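Down below is the structure, laid out as structure tokens.
The values are calculated or read from the model by the stated rules, or taken from the named source; none is laboratory data. Just so you know, these numbers come straight off a predicted model, no measurement behind them. Positions of Cβ are backbone-derived with ideal geometry, glycine not excepted, and every protein chain shown enters the neighbour counts.
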Amino acid sequence: MATDQEKGTVRAVERALDILLCFAGTENELGLSDIAKRLGLHKSTVHRLLASLESKGFIRRNPTSEKYRLGWSVLELVSNVYQSDDLSSIVLPEMTRLRDLLGETISLYIRSGNERIRTQAVESNQPVRRVANIGKRLPLFVGASGKILLAYAKEPLEDLVNDPSWPADLSQDEFLEQLKSIRHQGYAVSIEERELGAAAVAAPIFSRNGDIVAALSVSGPVDRFNEEAVERIATAVKQSAEILTKMLSR
């Protein structure tokens, strides 16, 4: 049985990690009061944890604004993750080939709870293009890659849409029908669903046992994704996803 001291240590670690997660998908800097409010902790507790994180380089304090931002130690860890990530390394050559073929930004997404994370990207060389930040967390219930990850999920679709995080303004019945259609055609399309002026087409990548492991996405300005272009892009991204599935099945 854990001692009170051990329990306190675990609780401190959990709170420190919660502080780091406050910066996921948010503005660059957060004040002490902002962090304390988000986590429901006393300012003194947050200040003590921030000092520890700062001493290890995971947090930096802006002397001008007196606000905090992520430190360089986080970047070092992220860099190591991507260098050692077999999936991201394996798919990169094929993603680059697909980018050269279509001229659009190619992204790889994995699922994390009810979010998706971009783990690899090859940006378009065109002057007007989609900027893909690796490590960015995005909603799972909107966007082509998010719908791919949901459509091929292990869980029953009804369980997914009954989750408390389900968007209140999104029809569950219509979304379920959309996911079924995606499974039938093998790809998903989103036109200005998450971001005005942006469009995407995505297809699933499977593991050896048939479980979905990632979504391969092609994205760009909506004016380059007309009906004819979407059909051409869908064919290409499905072929690349199938190639990567075979590579992962070896």
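Please enumerate the residues belonging to the range 116-129 that are under 8 Å from the mean Cα position of the chain (by Cα) and touching a residue at least 40 places away in the same chain (Cβ under 8 Å).
If the condition is that a residue be under 8 Å from the mean Cα position of the chain (by Cα) and touching a residue at least 40 places away in the same chain (Cβ under 8 Å), then R116, T119 are the ones that fit.
Mind checking which residues of the range 55-66 are out of contact with any strand residue (DSSP E or B) (no Cβ under 6 Å at 6 or more places or on another chain) and surrounded by 14 or more Cβ atoms within 10 Å (Cβ to Cβ)?
G57, F58, listed by residue number.
Does the range 196-225 hold any residues that are outside any strand (DSSP E or B) and within 24 Å of G113 (Cα to Cα), and which are they?
S207, R208, N209, G210, D211
Is it the case that the range 170-185 has a residue that's of a type in the set (A, V, I, L, M), in contact with a strand residue (DSSP E or B) (Cβ under 8 Å, 6 or more places away or on another chain), part of a strand (DSSP E or B) and farther than 23 Å from Q126 by Cβ?
No - not one qualifying residue is present in the range 170-185.
Might you let me know whether the range 81-92 holds any residue that is in contact with an Asp or Glu (Cβ under 9 Å, 6 or more places away or on another chain) and either among the hydrophobic types (A, V, I, L, M, F, W, C) or at pLDDT 85 or above (or both)?
Scanning the range 81-92 turns up no residue that is in contact with an Asp or Glu (Cβ under 9 Å, 6 or more places away or on another chain) and either among the hydrophobic types (A, V, I, L, M, F, W, C) or at pLDDT 85 or above (or both).
Could you check, for the range 64-74, whether at least one of its residues is under 17 Å from V13 (Cβ atoms), at pLDDT 85 or above and either among the acidic types (D, E) or not assigned by TED's automatic domain parsing to the domain that holds Q120 (or both)?
no
Restricting to the range 93-128, count the residues that are farther than 15 Å from P221 by Cα, touching a Lys or Arg at 6+ places or on another chain (Cβ under 9 Å), of a type outside the set (G, A, S) and modelled with pLDDT under 90.
Residues flagged as farther than 15 Å from P221 by Cα, touching a Lys or Arg at 6+ places or on another chain (Cβ under 9 Å), of a type outside the set (G, A, S) and modelled with pLDDT under 90 within the range 93-128 amount to 5.
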